[in-house]
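This report refers to the structure that appears directly beneath it.
The values are calculated or read from the model by the stated rules, or taken from the named source; none is laboratory data. Source: prediction; values computed, not measured. With ideal geometry, Cβ positions are generated from the backbone for all residues, glycine too; neighbour counts draw on all protein chains shown. Protein only, heavy atoms only, side chains kept; ligands, DNA and RNA dropped before computing areas. Shrake-Rupley method; radii C 1.70, N 1.55, O 1.52, S 1.80 Å.
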Amino acid sequence: MTTSHTAHTAYSARTATAPSAHGELLLDIQRLNVFFKGTRGEQQAVRDLDLQLRRGETLALVGESGCGKSTTALAILRLLAPSARLDGRIDFNGRNVLSLTPPELRNLRGKNISMIFQEPMTSLNPVYTIGEQIVETLRQHESLSAREARVRAIELLELVRLPQAARRIDDYPHHLSGGQRQRIMIAMAVACKPQLLIADEPTTALDVTIQAQILELLDNLRRELSMSLLLITHDLGVVSQWADRVAVMHGGRKVEEAETARLFAQPQHAYTRGLLGASLHAGKDLHYRDGPLPEIRTHRETASADPVFTLFRPESVFASASGVSAPPAAAEHPLLSVRELVTEYSGRHGHVRAVDQVSFDIAQGETVGLVGESGCGKSTLSRTLLRLLQPTSGQILLDGTDLAQLSPRALQPWRPRIQMVFQDPYASLNPRRTVHDILESVLVVHGHGNRQARQAAITAILDRVGLPSDSAQRYPHEFSGGQRQRIGIARALILKPSLLILDEPVSALDVSIQAQILNLLVELKQAFQLSYLFISHDLAVVRYIADRALVMNGGRIVESGRVQDVWSRPQHAYTQQLIAAVPAAREGSSADSRSPLGQAPVQAASPHLLRAA
């Protein structure tokens, strides 16, 4: 028996408890209202919310950003800012959380109710090792010595399948990948065997195979620990596969609630139908090749009326997502030609070849999708193409000129030709500068025009990406996530590039906002005759927007071809695993049908990960 297996068994034995009365009410939220004080008076974030969760059940809470999902989750743990005002009841195990004293709350948090936050890098303390942070949680709630807590922490890290747990327990968060950091958050959350686990977008930024592993792990832990799970997500494929029931929120209200299979088969509310229609995971085998993605529009008939939702396809000049007439895969004179590209660097654990003999072409007007797991080399490749990293060897030919061989001075005139849109619209914009200053600084650096010409360019590009006329004088925090991504796109386009590298540009956005941004990108491609290298862990998004797909694993391109061919007839075993791990929201889906991800990569499932409950 392996050491890892022994640790799993030891921890499972320690967490085995008497069977709970499955189906008993654990969480009962009654007419919850949450208010925040702001510059324009008191604003209501949650309105008369009723929500129940039973023991051993998974309840999904879905809706767009700002609808009140995360506010509800934080209210359950009383983690809202002091300026927040709450009324109603939040009964947990028959006790009203809103009436608990601070010491009682400290005992509740982490021990009886735990939470996995959306962004593990900002939730983990960067100055403490992962082991120190798990040990702190254990010693806060259980009578353990420092040595006992460290042993238990290693067992928890093995439980969540962190490789080489005994050695990596002394690593800092920045030493780990996104998927590994999320596993650390899960280990901390389940350390004290909570009765309720709240998972707030636990897989948003993760690729499909890591997402599959995390979701299966959460479900196994739910069954093993007799735990209830409140899953907050905008991914309807995830909801379809893993939730027992679904509650849909909009504007702080619950607009619909039903068992998962019934909600997907027969959604009753117009907003729910809109979310399903705008999702690329709708499972209706639609490729949306006959026009843009449908979007949700909300309007009010009177000042006091409830919102009315309309699902529509916006008028557009394009006939298909990948272009009216997609260019040939192997153009005679490609815009970008990458040949035998290698990028190496020295890391903590030795010499690493992050990009290994990569070759591909991108034609003028073509969209090439790049997919692969975290750590496979996608981001290193994109930064090498931009010459933000120096390639070890190989060629980066842009219109026949090898950028890999140019000095920094010689490279400067070529930089406007390739621009990048980053993944996180919150982190990629300077919060202390107005949108006008952000855009103008790009023009100034590259010596574009006088002040009047720059002002005209800024006004034109903001209008082109669909932002309000007063946007230029506002700061990034005054915009929604989708609007911030439009600012990022405007910043990339203002130099009139030939090629845009889009690094996960919609992964952090809700499905309806994602539809707007994808439609915008397709329209801009036609209007500016752009080429795209579209990096994404979401294969459904790549299927919609790309002409060709490149599949990357271990620094190499293991498969390439027309996107429909790669999707329907994958040749490489790794590509088959990626596609098998994609969650799809289908009519009649039910959490009862969920099963181990046997087609996912080997590390996604293990017969001794947890003993079956």
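Are any residues in region 393-426 among the hydrophobic types (A, V, I, L, M, F, W, C) and either more than 14 Å from Arg491 (Cα to Cα) or open to solvent by less than 60 Å² (accessible area, probe 1.4 Å) (or both), and if so, which ones? Even if it seems obvious, please write down each step before you answer.
The initial filter retains those residues of region 393-426 that are among the hydrophobic types (A, V, I, L, M, F, W, C), namely 396-398, 403-404, 406, 410-411, 414, 418, 420-422.
Selection gives Ile396, Leu397, Leu398, Leu403, Ala404, Leu406, Ala410, Leu411, Trp414, Ile418, Met420, Val421.
Are any residues in region 128-148 without any contact (Cβ under 8 Å) to a residue 24 or more places away in the chain and out of contact with any Leu (no Cβ under 8 Å at 6 or more places or on another chain), and if so, which ones? Walk me through it before giving the result.
As a first pass, look at region 128-148 and keep what is without any contact (Cβ under 8 Å) to a residue 24 or more places away in the chain: 132, 135-136, 139, 143-148.
Residues satisfying the conditions are Glu132, Val135, Glu136, Arg139, Ser143, Ser145, Ala146, Arg147, Glu148.
Is it the case, given these coordinates, that Asp91 is over 19 Å from Met249 (Cα atoms), touching a residue at least 12 places away in the same chain (Cβ under 8 Å) and in a strand (DSSP E or B)?
Details: over 19 Å from Met249 (Cα atoms): yes; touching a residue at least 12 places away in the same chain (Cβ under 8 Å): yes; in a strand (DSSP E or B): yes.
Yes, satisfied.
Output yes when any residue across region 259-280 is in contact with a strand residue (DSSP E or B) (Cβ under 7 Å, 6 or more places away or on another chain), under 30 Å from Cys192 (Cβ atoms) and outside any loop (DSSP other than H, G, I, E, B), and no when none is.
Yes, region 259-280 has at least one match.
Among (1) open to solvent by less than 30 Å² (accessible area, probe 1.4 Å); (2) under 17 Å from Met188 (Cβ atoms); (3) of a type in the set (A, V, I, L, M, F, W, C); (4) touching a helix residue (DSSP H, G or I) at 6+ places or on another chain (Cβ under 6 Å), where does Leu108 come up short?
Against the list (1) open to solvent by less than 30 Å² (accessible area, probe 1.4 Å); (2) under 17 Å from Met188 (Cβ atoms); (3) of a type in the set (A, V, I, L, M, F, W, C); (4) touching a helix residue (DSSP H, G or I) at 6+ places or on another chain (Cβ under 6 Å), Leu108 comes up short only on (4).
What number of residues in region 211-247 are of a type in the set (A, V, I, L, M, F, W, C) and touching a Phe, Trp or Tyr at 6+ places or on another chain (Cβ under 9 Å)? Explain how you work it out, then say what you get.
Applying the first criterion (of a type in the set (A, V, I, L, M, F, W, C)) to region 211-247 yields 212, 214-215, 217-218, 221, 225, 227, 229-232, 236, 238-239, 242-243, 246-247.
Imposing the further condition that a residue be touching a Phe, Trp or Tyr at 6+ places or on another chain (Cβ under 9 Å) reduces the set to 215, 218, 229, 231, 236, 239, 246.
Looking only at that region, the number is 7.
In region 30-63, how many residues are farther than 27 Å from Pro102 by Cβ and in contact with a Phe, Trp or Tyr (Cβ under 9 Å, 6 or more places away or on another chain)?
The number of residues fulfilling the criteria is 3.
Of all residues being surrounded by fewer than 23 Cβ atoms within 10 Å (Cβ to Cβ) and charged (D, E, K, R) in region 548-580, which is nearest to Val352 (Cα to Cα)? Just the residue, please.
Per the criteria, the residue is Arg556.
Does Ile154 meet the test of being within 26 Å of Ala212 (Cβ to Cβ), of a type in the set (A, V, I, L, M) and modelled with pLDDT of 90 or more?
Working: within 26 Å of Ala212 (Cβ to Cβ): yes; of a type in the set (A, V, I, L, M): yes; modelled with pLDDT of 90 or more: yes.
Yes.
Of (1) within 26 Å of Ile210 (Cβ to Cβ); (2) among the charged types (D, E, K, R); (3) assigned to a helix (DSSP H, G or I), Arg147 satisfies all except one. Which?
Arg147 satisfies every listed condition except (1).
Find the residue count for region 346-371, including only residues that are acidic (Asp, Glu) and either crowded, with 24+ Cβ neighbours inside 10 Å or at pLDDT below 90 (or both).
Step one: filter region 346-371 for residues acidic (Asp, Glu), giving 356, 361, 366.
Narrowing the set further to residues that are either crowded, with 24+ Cβ neighbours inside 10 Å or at pLDDT below 90 (or both) leaves 366.
Summing the residues that are acidic (Asp, Glu) and either crowded, with 24+ Cβ neighbours inside 10 Å or at pLDDT below 90 (or both) in region 346-371 gives 1.
Can you report the number of residues in region 69-85 which are more than 17 Å from Ile116 (Cα to Cα) and touching a residue at least 24 places away in the same chain (Cβ under 8 Å)? Talk me through it step by step, then tell me what you get.
Step one: filter region 69-85 for residues more than 17 Å from Ile116 (Cα to Cα), giving 81-85.
Next, only the ones that are touching a residue at least 24 places away in the same chain (Cβ under 8 Å) stay: 81, 83-85.
Residues that pass the stated criteria total 4.
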